[in-house]
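Values in this text are rule-based calculations from the coordinates and carry no lab data. As the structure is a prediction and not an experimental result, all values here were calculated from the model. Cβ placement follows ideal geometry from the backbone for every residue including glycine, while neighbour counts extend to all protein chains displayed.
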Amino acid sequence: MKNVTIYDHPLIQHKISVLRNVETGSTNFRRLVEEITMLMCYESMRDLPLEDVEVETPIAKTKTKMVAGVKLAVVPILRAGLGMVNGVLNLVPSARVGHIGLYRDEETLEPHEYYCKLPKNIESRLVIVTDPMLATGGSAVSAIKLIKDRGGKHIKFMCLIAAPEGLEALTKAHPDVEVYCAHVDEKLNENGYIVPGLGDAGDRIFGTK
Ligand code: PRP
Ligand code: URA
């Protein structure tokens, strides 16, 4: 699928398996979500532009490379996307953080917006939208539309587990957005949950069930 990257790195796959396990409690779950995000973020930043700079080491002046002034915003979809924020900030501490609040109606599976606050100059930033789960794709499609409506142009979407249905919906609605996911699962069940998935990501991160 165009613009979709799926990770086959052994460390990512191993950590996803631990995450899926029903016996994994919230403390470990949170730590793993952050670690996997950091590994994915490292790979997804491969295309960042570099510029030549001059640095003085204790020994000599040298010409070397640094990331060329890319301003980043990480935008979690509340709640579960919050669990991925520190994974990005660990690698890019200067990133600004926006928040988009969406919840999925349990009956219709339609997303409902309850909050949106984005960093200034969103149009000139690389925006990384985070949400561990891409199920029907409704939440991701809506969140990215909210960002585009406010001027966002260069957007990457990062999730841990995707259903084929969600990937299809997202790439169709936003073909310009680069999508990164750690694993594509089999299907959605009749309640809109990813199978085998990992259950309700928000509840497992925040210990609310
Ligand atoms: C979950 C998940 C995604 C959404 C995915 O959030 O974190 O945001 O469902 O489903 P979709 O692709 O079908 O839209 P939920 O609505 O349960 O809210 P929560 O994170 O606050 O628990
Ligand atoms: N949201 C979740 O947290 N898990 C799913 O499997 C689907 C949507």
The strands (runs of 3 or more DSSP E) lying entirely within the stretch 51-125 that contain at least 3 residues which are over 19 Å from residue 141 (Cα atoms) are 61-67
Only one of these is of a type in the set (Gly, Ala, Ser) and under 12 Å from the mean Cα position of the chain (by Cα): 163, 140, 135. Name it.
140
Among the residues of the stretch 179-190, what is the count of those that are in contact (Cβ under 8 Å) with a residue 60 or more places away in the chain and surrounded by fewer than 18 Cβ atoms within 10 Å (Cβ to Cβ)?
1
Condition set among the acidic types (Asp, Glu) and surrounded by fewer than 22 Cβ atoms within 10 Å (Cβ to Cβ), scope the stretch 114-155, selection nearest to ligand 1 (Cβ to nearest atom): answer is 149
Scan the stretch 190-204 for residues that are within 12 Å of ligand 1 (Cβ to nearest atom) and in a loop (DSSP other than H, G, I, E, B) and jot them down.
191, 192, 193, 197, 198, 199, 200
Of everything in the stretch 174-189, what is away from ligand 1 (no atom under 13 Å from the Cβ) and among the hydrophobic types (A, V, I, L, M, F, W, C)? Give them in sequence order.
177, 182, 184
Just wondering, is there one or more residues in the stretch 169-176 that are under 14 Å from the mean Cα position of the chain (by Cα) and buried (at least 17 other Cβ atoms within 10 Å of the Cβ)?
yes
For residues that are within 16 Å of ligand 2 (Cβ to nearest atom) and over 19 Å from residue 151 (Cα atoms), tally how many sit in the stretch 53-98.
7
